[in-house]
Amino acid sequence: MAKRPARICILGKPFKVEFVPIEHIGLRDNAEDDDPGMGRTSPERQEIYVRSGQPLESEQDTVLHECLHAVDETLGLQMNEYQVTVLATGLLAVLKDNPSLRSYLCAKKA
């Protein structure tokens with residue numbers, strides 16, 4: 001299994017990342033679809049909590065999803081949950097399908 005991140009830098013701020021059971025992170029109860037949620041982000045406290053016990057691909061999607069919530073809330077984009085969900089899933093697919101893309105995107109001018 002891939003090494004889980006303990007910290008992620010989002011817009012220059014270090015976020016602590018914890019992988020914990022659902023009962024330890026107070027994930028919301030969503031009355032609309034009975035989905036207890038897979039993660040929670042607190043931009044104010046710079047913390048991300050991810051529900052443990054997910055398959056790797058779902059866990060990766062959740063981590064990226066929560067990172068996008070932090071970006072959204074920090075920049076005041078006002079994305080809704082659906083937008084965050086589909087953007088995370090789409091970006092994760094692009095990154096996985098193009099492993100060399102990360103090094104290209106992170107390259108700095110010499």
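Taking the condition surrounded by fewer than 18 Cβ atoms within 10 Å (Cβ to Cβ), within 19 Å of Ile8 (Cβ to Cβ), at pLDDT 95 or above and not aromatic (Phe, Trp, Tyr), does Leu68 pass? So Leu68 does not fit the description; no.
Filtered by the rule that a residue be within 14 Å of Pro5 (Cβ to Cβ) and surrounded by 16 or more Cβ atoms within 10 Å (Cβ to Cβ), segment 47-60 gives Glu47, Ile48, Tyr49, Val50, Glu59, Gln60.
Within segment 48-78, the only residue that satisfies the criterion of being within 19 Å of Pro21 (Cβ to Cβ), of a type in the set (S, T, N, Q), in contact with a strand residue (DSSP E or B) (Cβ under 8 Å, 6 or more places away or on another chain) and not in a loop (DSSP other than H, G, I, E, B) is Thr62. So in segment 96-110, with the set limited to residues that are of a type in the set (D, E, K, R) and under 21 Å from Leu64 (Cβ atoms), which one is surrounded by the fewest Cβ atoms within 10 Å (Cβ to Cβ)? It comes out as Asp97. Can you find a residue in segment 84-91 that is of a type in the set (S, T, N, Q), surrounded by 12 or more Cβ atoms within 10 Å (Cβ to Cβ) and at pLDDT below 95? There is no residue in segment 84-91 that is of a type in the set (S, T, N, Q), surrounded by 12 or more Cβ atoms within 10 Å (Cβ to Cβ) and at pLDDT below 95. The set of residues in segment 85-101 being more than 23 Å from Gly39 (Cβ to Cβ) and either of a type in the set (Ser, Thr, Tyr) or in contact (Cβ under 8 Å) with a residue 40 or more places away in the chain (or both) consists of Ser100 alone.
The values are calculated or read from the model by the stated rules, or taken from the named source; none is laboratory data. All figures in this text were calculated on a predicted structure; none of them were measured in a lab. Don't worry about glycine lacking a Cβ; one is built from the backbone with ideal geometry, like all the others, and counts go over all protein chains shown.
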